[in-house]
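The values are calculated or read from the model by the stated rules, or taken from the named source; none is laboratory data. All values derive from a computational prediction rather than experimental measurement. Note that we place each Cβ from the backbone using ideal geometry, even for glycine, and neighbour counts take in every protein chain shown. What goes into the accessible areas is simple: the full protein's heavy atoms, side chains included, and nothing from ligands, DNA or RNA. Shrake-Rupley method; radii C 1.70, N 1.55, O 1.52, S 1.80 Å.
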Amino acid sequence: MLRFRSILFAAVLAASAPFIVDAQTSGAEASAAPAAVSSGKLTAVPFRAGTILSAEICKQKPSFDVESEFDKPAIENPAWIELIVKLDNGRSLSRFDYEIVGKNGTYPCFAVAEGADGYSSDVEKWIIKTSSQLKYYRLLFPVRQDEIAAAKKGLLPVTLRVKLFETSLAPASFQVRVMPDGKNFTRVSSVRPEGICNMTYEEAFESGN
């Protein structure tokens, strides 16, 4: 099974290389779009390919349209971190581009999705080749459950960095919102244009924002 996954991964990675390189190397600098600030917090965080508008960690597994026994997270019984992002013009996105560094480990992206679409282990869904500035995109990272315990006051500091090669650009550091027990990830339609990054659940949804 491991050999099958290695061969499949290598084939898809080879096919996606032009898009990954474009997503990571086009342009010498990160997004120059102004970052939104609310109550002293950066609510929209620039990263290599665009802007992170929401970042959450949750115990509930998100919906998958297609799953495969040959494509599963390396972590048993993971918690999940989801980023909702807006991509800069001309950028592409794949599950191979990024990894998150948490308090207790480093975690590769496991799936990407457009808008409110379900995640999928279908090879054709591993790469978003053409993006739109009118849409949001999601990145999913399975992480150790004890990352939630490492959070302070409802927020977990993490870093998002490019996975495939070295870059002179600094990685994006921000705080992930811990979702209350029983709560699923925030719907894409509920994410405000100015972003809700670096905000606790109460700050984002229960304080009149």
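Observations
- Of all lysines in the structure, those lying under 21 Å Cα to Cα from LYS59, and not within fewer than 8 positions of it along the same chain, are LYS72, LYS103, LYS152, LYS153, LYS183.
- Cα pair distances in the stretch 63-209, grouped into 10 Å bins until the bin that holds the longest one, percent each: 10, 40, 39, 11, 0
- Share of carbon and sulfur in the accessible area of the stretch 88-166 stands at 47%, probe radius 1.4 Å.
- Accessible surface, per residue, of the stretch 128-185 when the full set of protein chains is kept, probe 1.4 Å, Å²: 55
- Dividing the Cα radius of gyration of the stretch 124-196 by 2.2 N^0.38 Å, with N the residue count, gives 1.32.
- 13 Å beta-carbon shell around SER120, net charge (K/R +1, D/E -1): -4
- P(r) weight above 18 Å for the stretch 42-90, C-alpha pairs, percent: 49
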